[in-house]
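Colleague: Mind having a look at this structure? Questions to follow.
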Amino acid sequence: MLFNIQRYQPEAASAQQVGAQNATYWQEMTLDDALVKPGMMLLDALKLLREQDPTLSFRSSCQEGVCGSDAMQVNGRNRLSCITPLAELSQPIELMPVPGLPILRDLIVDMTLFFDRYAQANPTLNAGKFNPDQEHLQSPADRAKLDGLYECILCACCSTSCPSFWWHPDQFLGPAALLAAERVVIDSRDIQPKQRLEALSDPYQLHRCRGIQQCTTSCPKGLDPSRAIRQLKHQQWTQS
C-alpha cells in the first residue's frame, strides 16, 4: 500500500533559515500488503509506518473518533485518521496536515488560533445566578433543538476546510465556533441570546461565511455547521 505524506521538520527549517513552505517536502512510504488487515483504519497504518520511520509525527489519543485530535487531510478531504477505513481510500494515499493553521511538524498543526476563535464565540451557557436549590428546567421540545449542535468534538475539520477561515483567520470565527455559538443562543435556559447575537453583528465574525458548505461536507460527526450559521444570521435579522 503506497502513501505520499507531506513532511515538515522545524529544526531543519530553522537551521536553513527558510520558511515553512520551503522546508516542506513529500515522502513516499510503502506498507507491506501483508500487514494490512480487514477493518484496519488509517491511524493503524500510520502507526506501522512510524515503525519504519520514527520521525513521522501525527497526533492521536482516544482512537475512537471522540477526542478529535487526529484530524488531517486525506486525499484532499479533512478526516479523522482513527475512523477512516483504509479500504475506502484510493492509492497513493495522500496525507497532509489540515490547511489554514501553522504546521508544527509533519501532520501536526498549531491549534491555538482555532481555540482562540472558539473562545471568542463565548460558547458557555449563562443560566443566571446560581441557586443550588433551583433546577433549570427545559422542555423535551426545547432540548431537541440542541441536537446536532452539542456533539462537536473540536477536531477543526470544518473550520480548516473553510476558505473564509483561511482568508480571514483573525476575524471570521469559523464554523466550529459558530456552531457552538448557535448552541447557546438557541438554548431556552440561556439568559442573554440577544447580547450574543449583537456580539456577532460586525461584518466579519459571522457574516464572512459564503455558504460554500465545505464545513458540513467535512464534519466526521455528520453535523451541519452551515445550517447553524444560517440560523444565526436569520436570528440576527429577526431581532433587528
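The values are calculated or read from the model by the stated rules, or taken from the named source; none is laboratory data. Please read all numbers here as calculations on a predicted model, not as lab measurements. Quick reminder, even Gly has a Cβ in these numbers, built from the backbone with ideal geometry, and neighbours come from all protein chains shown.
Colleague: Just for segment 33-63: of the residues that are surrounded by 16 or more Cβ atoms within 10 Å (Cβ to Cβ) and charged (D, E, K, R), which one is farthest from Asn4 (Cα to Cα)?
Modeller: Looking at residues that are surrounded by 16 or more Cβ atoms within 10 Å (Cβ to Cβ) and charged (D, E, K, R), I get Arg59.
Colleague: Sticking with this one: Check segment 128-135 and report whether any residue there is surrounded by 14 or more Cβ atoms within 10 Å (Cβ to Cβ) and either hydrophobic (A, V, I, L, M, F, W, C) or assigned to a loop (DSSP other than H, G, I, E, B) (or both).
Modeller: Among the residues of segment 128-135, not one is surrounded by 14 or more Cβ atoms within 10 Å (Cβ to Cβ) and either hydrophobic (A, V, I, L, M, F, W, C) or assigned to a loop (DSSP other than H, G, I, E, B) (or both), which makes the answer no.
Colleague: Do we find that Ala71 is outside the structural domain of Gly222 (by TED's automatic domain parsing) and touching a residue at least 12 places away in the same chain (Cβ under 8 Å) in this structure?
Modeller: yes
Colleague: Out of contact with any Asp or Glu (no Cβ under 7 Å at 6 or more places or on another chain) and over 16 Å from Met111 (Cα atoms) - does that describe any residue in segment 153-161? Steps first, answer last, please.
Modeller: Restricting attention to segment 153-161, the residues satisfying the condition of being out of contact with any Asp or Glu (no Cβ under 7 Å at 6 or more places or on another chain) are 153-161.
Of the ones still in play, those that are also over 16 Å from Met111 (Cα atoms) are none.
No, segment 153-161 contains no residue that is out of contact with any Asp or Glu (no Cβ under 7 Å at 6 or more places or on another chain) and over 16 Å from Met111 (Cα atoms).
Colleague: Quick check: is even one residue across segment 194-205 at pLDDT 95 or above and under 14 Å from the mean Cα position of the chain (by Cα)?
Modeller: No, segment 194-205 has no match at all.
Colleague: In segment 66-84, is there at least one residue being surrounded by 16 or more Cβ atoms within 10 Å (Cβ to Cβ), in contact with a strand residue (DSSP E or B) (Cβ under 9 Å, 6 or more places away or on another chain), β-branched (Val, Ile, Thr) and over 26 Å from Thr216 (Cα atoms)?
Modeller: No; the residues of segment 66-84 include none that is surrounded by 16 or more Cβ atoms within 10 Å (Cβ to Cβ), in contact with a strand residue (DSSP E or B) (Cβ under 9 Å, 6 or more places away or on another chain), β-branched (Val, Ile, Thr) and over 26 Å from Thr216 (Cα atoms).
Colleague: Given the condition of a type in the set (Lys, Arg), more than 24 Å from Pro10 (Cβ to Cβ) and surrounded by fewer than 16 Cβ atoms within 10 Å (Cβ to Cβ), answer yes or no: does some residue in segment 174-183 qualify?
Modeller: No.
Colleague: Separate question: Could you go through segment 121-136 and let me know if any residue there is modelled with pLDDT of 95 or more, among the aromatic types (Phe, Trp, Tyr) and either assigned by TED's automatic domain parsing to the domain that holds Ser226 or under 17 Å from Phe172 (Cα atoms) (or both).
Modeller: No, there is no match, as no residue in segment 121-136 is modelled with pLDDT of 95 or more, among the aromatic types (Phe, Trp, Tyr) and either assigned by TED's automatic domain parsing to the domain that holds Ser226 or under 17 Å from Phe172 (Cα atoms) (or both).
Colleague: How many residues does segment 187-223 hold that are surrounded by 18 or more Cβ atoms within 10 Å (Cβ to Cβ) and either among the acidic types (Asp, Glu) or more than 22 Å from Trp167 (Cβ to Cβ) (or both)?
Modeller: Number satisfying all stated conditions: 6.
Yes/no per residue for (1) of a type in the set (A, V, I, L, M, F, W, C); (2) in contact with a strand residue (DSSP E or B) (Cβ under 9 Å, 6 or more places away or on another chain); (3) within 30 Å of Ile5 (Cα to Cα):
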{"site": "Arg117", "(1), (2), (3)": "no, no, yes"}
{"site": "Arg143", "(1), (2), (3)": "no, no, no"}
{"site": "Leu146", "(1), (2), (3)": "yes, no, no"}
{"site": "Ala156", "(1), (2), (3)": "yes, yes, yes"}
{"site": "Gln171", "(1), (2), (3)": "no, no, no"}
{"site": "Leu178", "(1), (2), (3)": "yes, no, no"}
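Colleague: Would a scan of segment 81-98 turn up a residue that is out of contact with any Leu (no Cβ under 8 Å at 6 or more places or on another chain) and closer than 15 Å to Cys157 by Cβ? Lay out the reasoning, then the answer.
Modeller: Step one: filter segment 81-98 for residues out of contact with any Leu (no Cβ under 8 Å at 6 or more places or on another chain), giving 83, 87-88, 90, 94, 98.
Then drop every residue that is not closer than 15 Å to Cys157 by Cβ, which leaves 83, 98.
Taking every residue of segment 81-98 in turn, at least one turns out to be out of contact with any Leu (no Cβ under 8 Å at 6 or more places or on another chain) and closer than 15 Å to Cys157 by Cβ.
Colleague: Evaluate the following for Leu154: is it buried (at least 16 other Cβ atoms within 10 Å of the Cβ), on the phi > 0 side of the Ramachandran plot and among the aliphatic types (A, V, I, L, M)? Even if it seems obvious, please write down each step before you answer.
Modeller: Values: buried (at least 16 other Cβ atoms within 10 Å of the Cβ): yes; on the phi > 0 side of the Ramachandran plot: yes; among the aliphatic types (A, V, I, L, M): yes.
Yes, satisfied.
Colleague: Regarding segment 151-169, can at least one residue be identified that is among the charged types (D, E, K, R) and without any contact (Cβ under 8 Å) to a residue 60 or more places away in the chain?
Modeller: no
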